[in-house]
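Here is the structure we will look at.
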Amino acid sequence: METLVPLILQIIAGGVGGMAGGSLIKKTDLGAIGNIIAGAVGGIGGSQLLPVILGMATNPDGMLSNLAASGIGGLVLQLVVGLIKAYSSPRSVGND
């Protein structure tokens, strides 16, 4: 059970980051469920990759930094997926 708690918190923080990304730039909004799913996946990845990219030591007790990395990862992935969707849909051609 102790190993599931950080994973659940990463998913939740990523979902919150994804919702923030959808609210931040309306063109990237994927809808509530899309923002949460993209954010949750980004939250898991962000909590694993951001400490490596920034050179931070991985501390299993560093819950706050883990949540922040998950939220940032969720926000970034949601924005990337939203931008890809926005610029690949036929509606966006010629609207720039």
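The values are calculated or read from the model by the stated rules, or taken from the named source; none is laboratory data. Source: prediction; values computed, not measured. Note that we place each Cβ from the backbone using ideal geometry, even for glycine, and neighbour counts take in every protein chain shown.
The residues of the range 3-33 that are crowded, with 17+ Cβ neighbours inside 10 Å and not aliphatic (A, V, I, L, M), listed by number, are 10, 14, 15, 17, 18, 21, 22, 28, 29. The single condition among (1) surrounded by 19 or more Cβ atoms within 10 Å (Cβ to Cβ); (2) not in a helix (DSSP H, G or I) that residue 82 does not satisfy is (2). Restricting the first residue to the range 74-96 and requiring it to be at positive phi, which pairs with a second residue that is at pLDDT 95 or above and part of a helix (DSSP H, G or I) meet a Cβ separation below 9 Å and a spacing of at least six or different chains? Matching pairs, first to second residue: none at all.
Could you list all residues from the range 1-57 that are of a type in the set (A, V, I, L, M, F, W, C) and touching a Lys or Arg at 6+ places or on another chain (Cβ under 8 Å)? Once the filter is applied, which keeps residues that are of a type in the set (A, V, I, L, M, F, W, C) and touching a Lys or Arg at 6+ places or on another chain (Cβ under 8 Å), the range 1-57 yields only 30.
Selection of the range 20-33 for residues being free of Cβ contacts under 8 Å to residues at least 40 places away in the same chain and either of a type outside the set (A, V, I, L, M, F, W, C) or closer than 14 Å to residue 70 by Cβ (or both) yields 23, 26, 31.
Just one of the listed residues (65, 47, 70, 89) is modelled with pLDDT of 90 or more and not aliphatic (A, V, I, L, M), namely 70.
Of all residues in the range 34-60, those satisfying the criterion of being surrounded by 13 or more Cβ atoms within 10 Å (Cβ to Cβ) and either among the small types (Gly, Ala, Ser) or over 13 Å from the mean Cα position of the chain (by Cα) (or both) are 34, 38, 39, 40, 42, 43, 45, 46, 47, 51. In the range 1-52, what residues are under 16 Å from residue 86 (Cα atoms) and polar (S, T, N, Q)? If the condition is that a residue be under 16 Å from residue 86 (Cα atoms) and polar (S, T, N, Q), then 23, 28, 35 are the ones that fit.
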